[in-house]
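Undergrad: I'd like to ask some things about the structure below.
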Amino acid sequence: MNEKKQLSETAFMTRNEKIFNGIMVFIGIVVTILSLYPIYYVVIASLSKPLFVENGDVMFWLKSPTLASYAAAAKKPGIWTAYANTIFYTAAGVLVNMFFTTTMAYALSKKQLIFKKFFTLLTVFTLWFNAGIIPTYVNFVDFKLIDTRTAILVGFAINTYNLIILKSFFEQLPESIEEAAIIDGARNLSIFWRIYLPLSKPALATVGMFYAVARWNGYFWAMSLLNSDSKIPLQVFLKKMIVDKISNETDAAILTTNSLSSPTTVIYATIVISIIPMLIVYPFVQKYFKSGATIGAVKG
Amino acid sequence: METQKTEMNKKLPKRKLSVWAKFKRDGDLLLLLLPGLLWYLLFTYRPMAGLRIAFYEYNLFRGIEGSRFVGWSNFIQFLSGPDFSQTVINTLMIALWQLLIVFPLPILLAIAITEMKNKWVSKMTQTATFLPYFISVVVVCGMVINFLSPSTGIINFFIRKLGGEPIYFMTKPEYFRPIYTLMTLWQTAGFSSIVYIAAIMGIDPALYEAAKVDGATKIQQIRHVTLPGIMPIILVMLVLNIGKMVKVGFESIILLYQPVTFSTADVIATYVYRTGLTNRNYGLATAAGLFEAVVALLLVVVANKLSKKVSQTSIW
């Protein structure tokens, strides 16, 4: 059906429109290749024989596939601890995020809330002005939260954009659903839990995904607040690997001559290991992200 | 809202709620508000009070009471120091590159995506350009560093193939801004285009029909229907982004820059990070950070005023 419509659409295009459409399609294909090639290259380089990658023989296709780089990456001391930490920070972190964000977004979405305007302004103001990294860091020191998992989990419990997305979603739910509940004697707490949350699954999924991706990818505060290797997430581990690589490029060159896998391909393999979960969930979360990006931008 | 109130009053005749009754009815709303409110107070507003650090020679272990009050001297030191003009210029230059390249290209991408008649190409383009947004700053910077490596980087392999000499990009100040800009573009173009795609989809198709009847070419339709149609959202995004541009992505710059590239790469935010968290000069770093935050806020206010004047579009 859809295809038929398209066919007829192209059939009725003028010559100029056809050329224009051709240019647009060409742009689309070029942009697609530019977007995907870097990721594709990392994947093929991580799977090819390190020597060929170092020589520049691997550009578009796999060359003598091997898992040597992955074996070397998997043996890096600390990588699996960091991986487990990331999974923990993401899972527990999103729960903390959702608790703080949904409760507050619900309260702020109700017009009977006293001082609603004031409280809303209090949250939105932080989008335009915040204390910055040093006072934030000192704040964690004051609370004795340096090198604690609590700092990571609770210190970043709310993202104001996500709060606004949820608040505006709650606001657009029809009031009538709640009036029925009030007549039944239900209070806000149970209206929130039994009516609003179940009705808001798409919005909750969107915001949950935003938080999960931010948690999985976040590195700056984990790097600044955590000192012990046993607590660092994968991104901090990767950062150390990459920065060490720059400062030790000469050492690395000496090391690689004899070893089976080189630091470069090991880095590529580690990168692939770290982004695989994102690539797997990507097709499922894409549509939620799109709706969230639109609301967030417009309401924010 | 008014009509609803009167209806309610009809149902419950002549019962004006006292403050106490209101509190009894909606008190549990405050209970729901409480965790978030406490979080904002403890983790965003308490640090704002901590901006006082800017006026102290701050000692992390003795706290504010045990530190020496130095008045404006941290600000004076920053504003008259050797890093001031360099970091301000670099911040502005990177913001300018962002404004000229990273900001407009997603708009063009959105137009291209919505103009394609072949639905699957347009879907594919959207999916592909959106993907890099899911990849972390560390991984993206790691890819950039490795791709640009003079010995094993793919970019230098291409350069060699074309007969050129390999370039050690990461140590050349003149390459820093283009590298940073292209990296940001790659990572965010798809994500930024979504909001414009939504806006273009919202334009009344009748406007295009009318333009076609008047004999408008595709380019003319884009100029006179699409662009005016999405102008309000472009302005909103511009105002929203101006504050962010001043704060530039220091999280990625600290991974990419090296002392040899500071002359083009060191921005206020990276200076704050280095001075504060690396060199432990908290007072000076806070003063510089506060300077940056105030400039960013002022720019947003000015940009919003301008946008209001030009098109009655405001973020407030």
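No value in this document is a laboratory result; all are computed from the given coordinates. All values reported here derive from a predicted model rather than from experimental measurement. Glycine also receives a Cβ, built like all others from the backbone with ideal geometry; neighbour counts cover every protein chain displayed.
Undergrad: Just flag the trypsin sites (Lys or Arg not before Pro) in the stretch A:18-126 sitting in loop per DSSP whose Cβ has no more than 12 other Cβ atoms within 10 Å.
TA: Hits after loop and neighbour filter: A:Lys111.
Undergrad: What shape does chain B have by the C-alpha gyration tensor, where a ≥ b ≥ c are the square roots of the eigenvalues, rounded means a/c under 1.5, and otherwise prolate means a/b greater than b/c and oblate the rest?
TA: Because a/c hits 1.5 or more and a/b fails to exceed b/c, chain B counts as oblate.
Undergrad: Could you compute the FRET efficiency for B:Glu209 and A:Gln172, with r as their C-beta to C-beta distance and R0 at 25 Å, rounded to 0.05?
TA: E(calc), rounded to 0.05, equals 0.20.
Undergrad: How would you classify the protein assembly as shown from its alpha-carbon gyration tensor, with a ≥ b ≥ c the square roots of the eigenvalues: rounded for a/c under 1.5, else prolate if a/b is greater than b/c, otherwise oblate?
TA: oblate
Undergrad: Starting from the amide H of B:Val70, placed 1.01 Å from N in the peptide plane, find each other amide H under 5 Å away whose residue is 5 or more places distant or on another chain.
TA: Placed amide hydrogens put B:Tyr56, B:Glu57 under 5 Å from B:Val70.
Undergrad: Something else now. Pairs A:Lys117/A:Lys287; A:Lys111/A:Lys201; A:Lys111/A:Lys167; A:Lys75/A:Lys231; A:Lys76/A:Lys231: which exceed 20 Å Cα-Cα?
TA: Exceeds cut-off: A:Lys117/A:Lys287; A:Lys111/A:Lys201.
Undergrad: Can I ask one more? Hand me the GluC sites (Glu not before Pro) from the stretch A:124-182 located in a DSSP loop with no more than 14 other Cβ atoms within 10 Å, in residue order please.
TA: The qualifying sites are A:Glu175.
Undergrad: To the nearest whole number, what is the average tally of beta carbon atoms from other chains within 10 Å of the beta carbons of peptide A:236-242?
TA: 4
Undergrad: Let me ask something else. Taking the alpha-carbon centroid of each part, what is the distance from the stretch B:205-230 to the stretch B:88-126 in angstrom?
TA: 21
Undergrad: Enter the Cα centre distance for the pair the stretch A:195-213 and the stretch A:51-80, rounded to the nearest angstrom.
TA: Each part reduced to its Cα centre gives a spacing of 38 Å.
Undergrad: So, one more: Counting only trypsin sites (Lys or Arg not before Pro) that sit in a DSSP loop (anything but H, G, I, E, B) with at most 13 other Cβ atoms within 10 Å, what is the longest stretch of chain B containing none of them?
TA: It works out to B:63-279.
Undergrad: May I pose another question? Using Cα pairs closer than 8 Å and at least 6 residues apart in sequence, work out the relative contact order for chain B, in percent.
TA: Computed over chain B, the figure is 25 percent.
Undergrad: Sticking with this one: Any idea how many Lys pairs in the stretch B:104-311 come in under 24 angstrom at the alpha carbon, given 8 or more places apart or on separate chains?
TA: Pairs that pass both the separation and distance tests number 12.
Undergrad: Once you order the gyration tensor axes a ≥ b ≥ c over the Cα atoms, which shape class does the stretch A:79-225 get: rounded for a/c under 1.5, otherwise prolate or oblate by comparing a/b with b/c?
TA: Prolate, since a/c reaches 1.5 and a/b exceeds b/c.
Undergrad: Next up: Can you tell me the relative contact order of the stretch A:1-158? Whole percent, Cα pairs under 8 Å, sequence separation 6 or more.
TA: Computed value for the stretch A:1-158: 17 percent relative contact order.
Undergrad: Once you average over the residues of A:64-76, how many Cβ atoms of partner chains fall within 10 Å of each Cβ?
TA: Averaged over the peptide's residues, the number is 0.
Undergrad: Taking the Cα centre of each part, how many Å lie between the stretch A:134-158 and the stretch B:54-86?
TA: What the calculation gives is 22 Å, centre to centre.
Undergrad: Over the stretch B:122-221, calculate the relative contact order: mean separation of alpha carbon pairs under 8 Å at least 6 apart, over the residue count, as a percent.
TA: Rounded, it is 28 percent for the stretch B:122-221.
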